[in-house]
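Just below is one structure, and these are the notes that go with it.
The values are calculated or read from the model by the stated rules, or taken from the named source; none is laboratory data. It should be emphasised that the depicted structure is a prediction, and the values quoted were computed from it without experimental measurement. Ideal geometry is used to build each Cβ from the backbone, glycine not excepted, and the neighbour counts take in all protein chains shown.
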Amino acid sequence: MKSTPELEAEIVRLHYAEHWPVGTIVTQLNAHVDQVRRVLGLDEPRAPSALRPRVIDPYRPFIDEQLRRYPKLRATRLYDMVRARGFAGSVRTVREHVALVRPRSPREAYLVTETLPGEVAQVDWAHAGEIAVPGGVRALWLFVTVLANSRAMWGEFVVDLTVHSLCRSLVRAGRAFGGVARQWLFDNPKVVVLERIGTLARFHPTLLTLCAALRVEPKLCAVRKPRQKGKVERAIRYLRDRFLAGRTITDIDQGNRLLAQFIAEIAHVRPHPTIPQRTVGEAFAVERARLLALPEPLPETARIEPIKADSQAFIHLDTNRYSVPSDYASRIVTLVADDRMVRLLDGDKVVAEHPRSWGRRQIFELPEHRATLLDERRAARNLKGRDRIRAVVPTFDRIVERWDVAGSSLGYRVARAIKLLDLYGDQVFAAAAADLNARGLSDVGALAVACEKHRKDLGRLVPLTLVLPEHLDDADVVPHDLESYDE
């Protein structure tokens, strides 16, 4: 409570006239005990009492010397050392002494500086949770780059932290900014620097190739000095507080659209931290003219490397399998993969193209890649057909297990199931198989009935194919007099 003349007069009256003790006055007037004692003149300085000898006193020089040599030595370890030398006190006594005498690391002073326009762009990633993918989950990361002068930012969500993903994001950022800064400032991840000894660093050769193509100088922060790239750290914190808070990203493309909209409508409209008269967007308009122009065409950022197809004519990429024509089984092809497409080349010839999947342990097989192989290996038809059904209905193995128990021809049932899949299409067949699983049925006839039911529910046409002999295409139909039938 704030001291006033009225309050001090009341304290004096209650103590000396009414003989209230200090504790009662404190409770009733809601005052501090030091305030009451000061008003009553009870805070007389006391003569210092002589320090009592303590059990740790003989061991103080030893502890101080050990902390001088090893400043990070724990108090419990020091306790074990002095106990072996005859110390009879508790570990708490040692902790109290160590807390008083442990050498403090000198605090580093930081100089606030502003870079020239178009000079430096700071780069970093932030963990943004997890995202569900076919076959499991993947860690979701937010790539962020910030122009140090204007604080203009660009970012995208990625699930891949390889050097090819980094180069792809850097090129996209340059396209979004309309140019690149003269320096890229990184932390010390393995995708950037392969080896570092003191100030000497060996950059990843793929990143160096991109830097040479864009005429950018890569630079590294000092180890354990995140403040050297504080502008991108501050931007990540800003995105966590303003964009990611209360938001769950379930689709990367949608998340990137929302992020681009947020940057354009909110992040770049905020006031510049050191130039209050301008917004970040206005400062960026000035800095854009200082950026280095992008080359035409832009550098290739896809992952390009030779890869060997297995004996089943699949290549393996990131736990997934992608088919190639059966002629290329056990042969080496060229892999060209980005975050959208997976292309497989034989020289300049494209032998296969697949959409890139970020799922886990998925199989992607084009029907035309298996036509020749199935003709050559008729015995493999059922197994390949089962893989095809499993790609549409991952839980189809449960139905196959019931077929095994029933004891009838497994190949016959698989063949009929493939015919139903060809006849009704993936969507109707998957719904029918899910219905069959839910009801615990296994008969192929029940599967056909379920397919027909779901076809009607979806309003699809009757799946009938009318095949006429070739000689009927040019046949002339001569009408007859119907009265001749009466005769």
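For every residue, the table says whether it meets (1) more than 30 Å from Arg104 (Cα to Cα); (2) at pLDDT 90 or above.
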{"position": "Thr24", "(1), (2)": "yes, yes"}
{"position": "Arg37", "(1), (2)": "yes, no"}
{"position": "Arg74", "(1), (2)": "no, yes"}
{"position": "Tyr79", "(1), (2)": "no, yes"}
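Within segment 308-336, residues that are without any contact (Cβ under 8 Å) to a residue 12 or more places away in the chain sit with their Cβ atoms under 8 Å from residues that are loosely packed, with under 15 Cβ neighbours inside 10 Å and outside any strand (DSSP E or B), at 6+ positions apart or across chains, in these pairs: His316/Asp310.
Considering (1) touching a strand residue (DSSP E or B) at 6+ places or on another chain (Cβ under 6 Å); (2) of a type in the set (Asp, Glu); (3) in contact (Cβ under 8 Å) with a residue 40 or more places away in the chain, say which one Glu305 fails and leave the rest. Against the list (1) touching a strand residue (DSSP E or B) at 6+ places or on another chain (Cβ under 6 Å); (2) of a type in the set (Asp, Glu); (3) in contact (Cβ under 8 Å) with a residue 40 or more places away in the chain, Glu305 comes up short only on (3). Taking the conditions (1) under 20 Å from the mean Cα position of the chain (by Cα); (2) buried (at least 19 other Cβ atoms within 10 Å of the Cβ); (3) over 19 Å from Ala128 (Cα atoms) in turn, Val180 satisfies each one other than (1). If only residues of segment 183-200 that are more than 17 Å from the chain's Cα centre (by Cα) and under 15 Å from Lys229 (Cβ atoms) are counted, the one that is surrounded by the fewest Cβ atoms within 10 Å (Cβ to Cβ) is Asn188. Reported count of residues in segment 422-434, each being in contact with a helix residue (DSSP H, G or I) (Cβ under 8 Å, 6 or more places away or on another chain) and either of a type in the set (Gly, Ala, Ser) or buried (at least 22 other Cβ atoms within 10 Å of the Cβ) (or both), is 7.
Which residue out of Val286, Val342 is within 31 Å of the chain's Cα centre (by Cα) and surrounded by 13 or more Cβ atoms within 10 Å (Cβ to Cβ)? Full working, then the answer.
Working: Val286 fails: within 31 Å of the chain's Cα centre (by Cα).
From the options Val286, Val342, the qualifying one is Val342.
When only residues in segment 131-166 that are charged (D, E, K, R) and either assigned by TED's automatic domain parsing to the domain that holds Gln362 or touching an Asp or Glu at 6+ places or on another chain (Cβ under 9 Å) (or both) count, which is surrounded by the most Cβ atoms within 10 Å (Cβ to Cβ)? This residue is Asp160. Within segment 63-77, not a single residue is out of contact with any His (no Cβ under 9 Å at 6 or more places or on another chain), assigned by TED's automatic domain parsing to the domain that holds Phe243 and not in a strand (DSSP E or B). The residues listed here are Val163, Val91, Val159, Val120; of these, the one that is out of contact with any strand residue (DSSP E or B) (no Cβ under 6 Å at 6 or more places or on another chain) and in contact (Cβ under 8 Å) with a residue 24 or more places away in the chain is Val163. Within segment 182-204, does at least one residue satisfy the condition of being among the hydroxyl-bearing types (Ser, Thr, Tyr) and closer than 12 Å to Leu220 by Cα? Yes, some residue in segment 182-204 is among the hydroxyl-bearing types (Ser, Thr, Tyr) and closer than 12 Å to Leu220 by Cα.
Can we say Ala152 is touching a Gly at 6+ places or on another chain (Cβ under 6 Å) and not acidic (Asp, Glu)? Write out each step before concluding.
On the way: touching a Gly at 6+ places or on another chain (Cβ under 6 Å): no; not acidic (Asp, Glu): yes.
The answer is no for Ala152.
Here Trp141, Trp154 are screened, and the one residue that is touching a helix residue (DSSP H, G or I) at 6+ places or on another chain (Cβ under 8 Å) and at pLDDT 95 or above is Trp154.
Looking at Gln228, Gln254, Gln277, Gln261 in this structure, which one is under 17 Å from the mean Cα position of the chain (by Cα) and either assigned by TED's automatic domain parsing to the domain that holds Ala152 or hydroxyl-bearing (Ser, Thr, Tyr) (or both)?
Working: Gln228 fails: under 17 Å from the mean Cα position of the chain (by Cα); Gln277 fails: under 17 Å from the mean Cα position of the chain (by Cα); Gln261 fails: under 17 Å from the mean Cα position of the chain (by Cα).
Selected residue: Gln254, the only one of Gln228, Gln254, Gln277, Gln261 that is under 17 Å from the mean Cα position of the chain (by Cα) and either assigned by TED's automatic domain parsing to the domain that holds Ala152 or hydroxyl-bearing (Ser, Thr, Tyr) (or both).
Considering the conditions (1) under 28 Å from Ala293 (Cβ atoms); (2) under 23 Å from the mean Cα position of the chain (by Cα); (3) touching a residue at least 60 places away in the same chain (Cβ under 8 Å), Leu214 is excluded by exactly one of them, (2).
For Val171, indicate whether it is at pLDDT 95 or above, over 30 Å from Pro276 (Cα atoms), assigned by TED's automatic domain parsing to the domain that holds Lys229 and among the β-branched types (Val, Ile, Thr).
Working: at pLDDT 95 or above: yes; over 30 Å from Pro276 (Cα atoms): yes; assigned by TED's automatic domain parsing to the domain that holds Lys229: yes; among the β-branched types (Val, Ile, Thr): yes.
Yes.
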